[in-house]
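Peer 1: Before I ask anything, here is the structure I am working with.
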Amino acid sequence: MSETIDIHTHIVPENFPRYAGKHADTQWPSMVPAHECHRHVMISGKVYRTVSDGSWSVPRRIEDMERMRVARQALSPMPELLSYWLPLEDARSLVRYLNEQIAEMVARVPQRFVGLGAVPLQDTEAAIRELEYLTGSLGFRGVEIASHVNGASIGEPRFEPFFAAAAKLGAAVFVHALRPAGQERIVGPFVEQAVCFPGEIALAAASMITGGIAARHPALRIAFSHGGGAMPLLMHRLAHAWANIPKSKEALPESPIVYARRFYYDALVFDPGASRFLIESYGASRVVLGSDYPFNMGDPDPVGTLERSGLDAATIAAVTSANGRRFLGIA
């Protein structure tokens, strides 16, 4: 098998610096010990998540990569750390710390890791400056952003300069669901990642199409987490609206399906049949490997899930290697 690339993995630092800002009640994260090989991520004095040492330990991560048959990972922050809700000066400080932590991990084993950093997208100009830093000074392949910024869809016009800058810099953009819509309607003991992420990430992808950013920036390399969620079905509804509603057709020069099939999507759908459905929906060149390592809602055997899908060897090679290389801009 060619070099297997997992574009969807996360890091959490073993420790965070003490808060040195001037704002009261800032949701600044900290870490405290938990059970063996785990630590609690604390936010506002409460446990947000308990994470394993694979979140920060390079040796443990590589050990797990060997078990998962993954040759290279793209490292991005745990999405809750993107911190769009912090005051700008605090957010800039935190994402810089995260980016430098990722850079240290990449520098230790550069043949196994690439960086997808964080930016303070609540301020577009500040986000562009951090993007320039992480792709220039740190040599990252791109950036992770959330599906919305404090309730504003990423397809809104205010964010277009950021995407234009990413396209100009050749930076990959990985979009992850975060603080999803509909959490208040969950019934039973199921987490938001299980119930709400599919709708949330589809809303983000749809906004990039319906707002016209995808049409105006065809060179932008952008990938959506969790298989794009509901997007395989939603894109056909968008196409139907475009064909039948004059204002929709006036807004876009081509069918929404054209733009949806320019995006990349990770294969994190857990089921071999669902994997085949992604390939049928988006095309074999648009799906990339993703595990959500090291979290418990991830796929501990993403390569095996694809192998059990009945896809041919060439398609599996594309998903596990070639497509990820193209998305990340790896020659």
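The values are calculated or read from the model by the stated rules, or taken from the named source; none is laboratory data. Predicted model only: the values in this text are computed from it and were never measured. Every residue, glycine among them, receives a Cβ derived from its backbone with ideal geometry; neighbour counts consider all protein chains shown. Note: areas computed on protein heavy atoms with side chains; ligands, DNA, RNA excluded. Shrake-Rupley method; radii C 1.70, N 1.55, O 1.52, S 1.80 Å.
Peer 1: Just to be sure before I move on: is residue 120 touching a helix residue (DSSP H, G or I) at 6+ places or on another chain (Cβ under 9 Å), crowded, with 19+ Cβ neighbours inside 10 Å and within 30 Å of residue 303 (Cα to Cα) in the structure I sent?
Peer 2: For residue 120, the condition - touching a helix residue (DSSP H, G or I) at 6+ places or on another chain (Cβ under 9 Å), crowded, with 19+ Cβ neighbours inside 10 Å and within 30 Å of residue 303 (Cα to Cα) - is not met.
Peer 1: Kindly check whether there is at least one residue in the stretch 88-101 that is open to solvent by 20 Å² or more (accessible area, probe 1.4 Å), out of contact with any Pro (no Cβ under 7 Å at 6 or more places or on another chain) and farther than 22 Å from residue 142 by Cβ.
Peer 2: Within the stretch 88-101 (the criterion being open to solvent by 20 Å² or more (accessible area, probe 1.4 Å), out of contact with any Pro (no Cβ under 7 Å at 6 or more places or on another chain) and farther than 22 Å from residue 142 by Cβ), the answer is yes, since at least one residue qualifies.
One line per residue, one yes/no per condition, for (1) in contact (Cβ under 8 Å) with a residue 12 or more places away in the chain; (2) in a loop (DSSP other than H, G, I, E, B); (3) buried (at least 22 other Cβ atoms within 10 Å of the Cβ); (4) among the polar types (S, T, N, Q):
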| residue | (1), (2), (3), (4) |
| --- | --- |
| 187 | no, yes, no, no |
| 223 | yes, no, yes, no |
| 234 | yes, no, no, no |
| 253 | yes, yes, no, no |
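Peer 1: Sticking with this one: Run down 92, 60, 69 and say which single residue is of a type outside the set (Gly, Ala, Ser), at pLDDT 95 or above and on the phi > 0 side of the Ramachandran plot.
Peer 2: 69
Peer 1: Collect the residues in the stretch 286-317 that are part of a loop (DSSP other than H, G, I, E, B), touching a residue at least 24 places away in the same chain (Cβ under 8 Å) and under 26 Å from residue 79 (Cα atoms), keeping them in residue-number order.
Peer 2: Correct list: 286, 289, 290, 291, 292, 294, 295, 297, 298, 299, 300, 301.
Peer 1: So which of 47, 41 ends up being among the β-branched types (Val, Ile, Thr), in a strand (DSSP E or B) and surrounded by fewer than 12 Cβ atoms within 10 Å (Cβ to Cβ)?
Peer 2: Testing whether each residue is among the β-branched types (Val, Ile, Thr), in a strand (DSSP E or B) and surrounded by fewer than 12 Cβ atoms within 10 Å (Cβ to Cβ) leaves just 47.
Peer 1: Can you tell me which residue in the stretch 134-166 is surrounded by the most Cβ atoms within 10 Å (Cβ to Cβ), limited to those that are assigned to a helix (DSSP H, G or I) and among the hydrophobic types (A, V, I, L, M, F, W, C)?
Peer 2: 134
Residue-wise test of (1) among the basic types (Lys, Arg); (2) out of contact with any helix residue (DSSP H, G or I) (no Cβ under 8 Å at 6 or more places or on another chain).
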residue	(1), (2)
16	no, no
35	no, yes
60	yes, no
71	no, no
90	no, yes
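Peer 1: Given the criteria part of a helix (DSSP H, G or I), surrounded by 20 or more Cβ atoms within 10 Å (Cβ to Cβ) and of a type in the set (A, V, I, L, M, F, W, C), does residue 258 qualify?
Peer 2: In short, no.
Peer 1: Give the residue, chosen from 219, 171, 194, that is crowded, with 18+ Cβ neighbours inside 10 Å and of a type in the set (A, V, I, L, M).
Peer 2: Result of the check over 219, 171, 194: 171.
Peer 1: Which one is nearest to residue 86 (Cα to Cα), of the residues in the stretch 40-62 that are β-branched (Val, Ile, Thr) and touching a Pro at 6+ places or on another chain (Cβ under 9 Å)?
Peer 2: Step by step, filter the stretch 40-62, then rank; the result is 43.
Peer 1: Would you please list the contacts, defined by Cβ atoms under 8 Å and residues six or more apart or on different chains, that run from a residue in the stretch 22-44 that is farther than 22 Å from residue 95 by Cα to a residue that is modelled with pLDDT of 90 or more and surrounded by 16 or more Cβ atoms within 10 Å (Cβ to Cβ)?
Peer 2: Sorted first by the residue in the stretch 22-44, then by its partner, the pairs are 33/39; 33/40; 34/40; 37/52; 37/53; 38/51; 38/52; 38/53.
Peer 1: Given (1) among the basic types (Lys, Arg); (2) open to solvent by less than 30 Å² (accessible area, probe 1.4 Å); (3) over 23 Å from the mean Cα position of the chain (by Cα), where does residue 18 come up short, assuming only one miss?
Peer 2: With respect to (1) among the basic types (Lys, Arg); (2) open to solvent by less than 30 Å² (accessible area, probe 1.4 Å); (3) over 23 Å from the mean Cα position of the chain (by Cα), residue 18 is out only on (2).
Peer 1: Identify, please: which residue in the stretch 287-320 is polar (S, T, N, Q) and open to solvent by 10 Å² or more (accessible area, probe 1.4 Å) and is, among those, nearest to residue 171 (Cα to Cα)?
Peer 2: Among those that are polar (S, T, N, Q) and open to solvent by 10 Å² or more (accessible area, probe 1.4 Å), it is 315.
Peer 1: In the stretch 237-251, what residues are open to solvent by 50 Å² or more (accessible area, probe 1.4 Å) and within 22 Å of residue 196 (Cβ to Cβ)?
Peer 2: Selection gives 237 alone.
Peer 1: Which pairs do you get when a residue that is open to solvent by 10 Å² or more (accessible area, probe 1.4 Å), found in the stretch 1-14, comes within reach of a residue that is in a loop (DSSP other than H, G, I, E, B), reach meaning Cβ atoms under 8 angstrom, with the pair 6+ apart or on two chains?
Peer 2: 1/69; 3/71; 14/56; 14/57
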